[in-house]
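Data block below; observations after.
The values are calculated or read from the model by the stated rules, or taken from the named source; none is laboratory data. Just so we're clear, the structure is a prediction, and the values are computed from it rather than from any experiment. When we count neighbours, we look across all protein chains shown, and the Cβ atoms used for this are built from the backbone with ideal geometry, even at glycine. The protein model used for the area step is the full one, side chains on, heavy atoms only, and it has no ligands, DNA or RNA in it. Shrake-Rupley method; radii C 1.70, N 1.55, O 1.52, S 1.80 Å.
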Amino acid sequence: MDRLDKIGKTILLAALFSAWLLPAGWDAALGSEENGGIAGDWLTHYRSARSLGLGGSFTALADEPIGMIWNPAGLTQLFSNEVYVETARLFEGTSVNSFSFAVPGRKFPSLGLSILTMSSGTFERTNEFNDVTGSFNESDMAFVLSASHDFHPFISAGANVKVVRQSLDEYNDTGLGLDLGMLFKVAPRLSLGASLLNIGGPSLSLRDTDESYPVEFRGGFALQVLSGRALVTAEIVHLSGVETSFHGGTEYWVNQNMALRLGLDAMSPSGGLRCRLPREIKLDYGMENHELGITHRFSLGYAFGGFFARSSADPSVFSPFGGRSATKFHLSSKTRKEVRDWSLALTDKYEHEVRRFGGKGTPPAHVMWDGKADTGVSLPDGIYVYRLTVTDSDGRVVTGETGTVEIDTSISQVKVPVVVDKR
């Protein structure tokens, strides 16, 4: 285990304990402030299902379309076109919904669009004598257009143009703002992120007074540990003239298709999970123990096109002693830069790697497998999982979906010649 793994493991264990054992009274001790009345609070404290599970610590990660609202530079990490939708029902009939779409760039910048909405429940309208005269609603909407580009294999930068609109009863207004973000890959498994949000606005005036969104600074790190199976994130968020808060979280992949999360969102415990479904569909769930009660968020993501690494086995069931004694893996890929190397790994039911193909440059159109391990020993009957991984010249790794191939010696076809005696 290298030094990064040792450091990350220590942080991981500390985060797991503190998330559940931290006394609620420490929130006040750290000087948190009531800020529910600040302009744009709904957007400042917006969390996606995944970021909520990580305690709101997402600036150094931001590797999904919705991540642009915290750090637009994160779009450079996407390999596929992605659609992302989310919904959350909060308190007193309030709901928050979002739609995001991103397209990774090759020669041109990566581009993204996010639309976020918040609608409240119904409030009573009263006159100066406190008599009920009717009801009204509040609604907020934000359009975020994003562009990002990697100026170096280890440095990315991005910007958002943000248009927000607020409606309160018969009053409404629209404002414009700018966000800037940067992402630094300081090591293969360690990234640093920083962003400056709400530069020069948005500023809204529902009646006579202008209210501007406070400038927000976010900075943190994301560290992969346990050979990439776990993730540790942490960051500091400072709202100009309002507050400074700490956020941190962990993510652990139980297997190739499910991850569990645990975090601290400004000293409130949070958690969540992700399920990978077939055809590049991702389902995320996040929850937080808010002072008003537990909140839940659900999101659905779908990736298609873009950069990819694909593999398929033909036949998917074979016998080393049968008529078809080997299976052919068909390989194809597309990367942002030229391919540096590739590998096709096969694992058994215990997730132990039994065979690996690989080489420099673009993967070949196909490779043959005869059911033997790297040692040359024939493997037992069973189902084996395979996955193609391609790395480009900048060190970006594109990993394909997993597939399965089965060895079944019971389908062996042994042909015994029949000799007919014509005497």
Next item on the list: Could you identify the single residue in Asp348, Asp314 that is of a type in the set (D, E, K, R), free of Cβ contacts under 8 Å to residues at least 40 places away in the same chain, out of contact with any Cys (no Cβ under 9 Å at 6 or more places or on another chain) and surrounded by 14 or more Cβ atoms within 10 Å (Cβ to Cβ)?
Entry: Asp348
Item checked: Subset of the stretch 389-405 (residues that are open to solvent by less than 60 Å² (accessible area, probe 1.4 Å) and not β-branched (Val, Ile, Thr)) -> Asp392, Asp394, Gly395, Arg396, Gly400, Gly403
Check: What are the residues in the stretch 259-268 that are open to solvent by less than 40 Å² (accessible area, probe 1.4 Å), modelled with pLDDT of 90 or more and within 13 Å of Arg50 (Cβ to Cβ), if any?
Finding: Ala259, Arg261, Leu262, Gly263
Checklist line | Residues of the stretch 269-286 satisfying the condition of being modelled with pLDDT under 95, within 24 Å of Thr94 (Cβ to Cβ) and surrounded by fewer than 20 Cβ atoms within 10 Å (Cβ to Cβ) | finding: Pro269
Note to self: Just checking, does the stretch 223-242 include any residue being more than 12 Å from Gly55 (Cα to Cα), part of a strand (DSSP E or B) and touching a Cys at 6+ places or on another chain (Cβ under 6 Å)?
What the structure shows: no
Notebook entry, point to check: Do you know which of the residues in the stretch 151-162 that are within 24 Å of Gly40 (Cα to Cα) and surrounded by 15 or more Cβ atoms within 10 Å (Cβ to Cβ) is farthest from the chain's Cα centre (by Cα)?
Noted result: Lys162
Checklist line | Filter pass, Leu331 being open to solvent by less than 20 Å² (accessible area, probe 1.4 Å), assigned to a strand (DSSP E or B) and more than 19 Å from Ser227 (Cβ to Cβ) | finding: yes
Next item on the list: Sort out which residues of the stretch 234-258 are of a type in the set (Ser, Thr, Tyr) and open to solvent by less than 40 Å² (accessible area, probe 1.4 Å), and write them in order of number.
Entry: Ser245, Thr250
Check: Pick from Gly359, Gly376: which is open to solvent by less than 70 Å² (accessible area, probe 1.4 Å) and part of a strand (DSSP E or B)?
Finding: Gly359
Check: So, in the stretch 379-400, of the ones that are outside any loop (DSSP other than H, G, I, E, B) and among the hydrophobic types (A, V, I, L, M, F, W, C), which residue ends up farthest from Phe318 (Cα to Cα)?
Finding: Val397
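So that you can scan it fast, the table gives a plain yes or no per residue for (1) open to solvent by less than 70 Å² (accessible area, probe 1.4 Å); (2) over 25 Å from Gly263 (Cβ atoms); (3) free of Cβ contacts under 8 Å to residues at least 12 places away in the same chain:
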| residue | (1), (2), (3) |
| --- | --- |
| Leu168 | yes, yes, no |
| Leu176 | no, yes, no |
| Ala187 | yes, no, no |
| Leu190 | yes, no, no |
| Gly193 | yes, no, no |
| Ser203 | yes, yes, no |
| Glu211 | no, yes, no |
| Gly220 | yes, no, no |
| Val232 | yes, no, no |
